[in-house]
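The values are calculated or read from the model by the stated rules, or taken from the named source; none is laboratory data. These figures come from a predicted structure and were not determined experimentally. Every residue, glycine among them, receives a Cβ derived from its backbone with ideal geometry; neighbour counts consider all protein chains shown.
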Amino acid sequence: MLCPHCNREMDKKHGRYRYRESGLDNVWLKDWPMFVCRKCRIKMPLISDEEQMAKEIIPRLLRTKARLNGDSIVYLRKALGLKTGELARRLQVHRGTVSRWENDKHTIDREYDLQLRLLVKDQIFPENRDLREDILRALPGLVSQPASPLVRPSMPPIVVPAEASSNEMPISGSVIANNDV
Ligand SMILES: [Zn+2]
């Protein structure tokens, strides 16, 4: 594998990678196989397929004991294959409400947070009863955060272990190595 910037041979390593390509800023790949350019410090993690990664990320996101932030809501909505207006209809809220959640203009209410998680669970992991239990168990954590405007819920890190990598190809968009700062 040659570095896309300087054309040098890259080193194959395992390491930590902040998987911003997911659209979430709190997803970390742990001990993950990747190519690294010693000169440019570019890291290219080996990621087989976005859909497979989503199957690893979504259950971890649904179990998060913190109110969903805007990026997470966008991520889950896309996983459901819904547009903003469609999600609004499913949750029986105004379309503008979903937009405000997604833009972190207003924190999602606890009830809708839970509804959204269960919607995703039922559609993407219909057979997974444990996940449903875990989501309900995460509920007290959701209560503790006030749904105040202009406060972006801080999401704890989601760590995806290397076992989840079936590493076929490096992802096309290369990322500067100090992306994890
Ligand atoms: Zn390079």
Go through the stretch 72-127 and tell me which helices (runs of 4 or more DSSP H), entirely inside it, have 3 or more residues that are among the hydrophobic types (A, V, I, L, M, F, W, C).
-> 84-91, 110-124
For SER148, the lone unmet condition from (1) surrounded by 15 or more Cβ atoms within 10 Å (Cβ to Cβ); (2) modelled with pLDDT under 85; (3) more than 26 Å from GLN52 (Cβ to Cβ) is (1)
Pair list, Cβ under 6 Å, 6 or more apart: the stretch 25-54 residue within 13 Å of LYS13 (Cα to Cα), other residue of a type in the set (Asp, Glu) = VAL36/ASP11
Of the residues that sit in the stretch 1-23 and are buried (at least 19 other Cβ atoms within 10 Å of the Cβ) and within 24 Å of ILE158 (Cα to Cα), which one is nearest to the ligand (Cβ to nearest atom)?
-> TYR17
Residue that is farthest from LEU2 (Cα to Cα) [pool: residues in the stretch 36-55 that are away from the ligand (no atom under 16 Å from the Cβ) and touching a Ser or Thr at 6+ places or on another chain (Cβ under 9 Å)] = ALA54
Determine whether GLY85 is surrounded by fewer than 14 Cβ atoms within 10 Å (Cβ to Cβ) and not β-branched (Val, Ile, Thr).
-> yes
Can you name every residue in the stretch 93-135 that is free of Cβ contacts under 8 Å to residues at least 24 places away in the same chain, within 13 Å of ARG63 (Cα to Cα) and surrounded by 16 or more Cβ atoms within 10 Å (Cβ to Cβ)?
-> ARG132
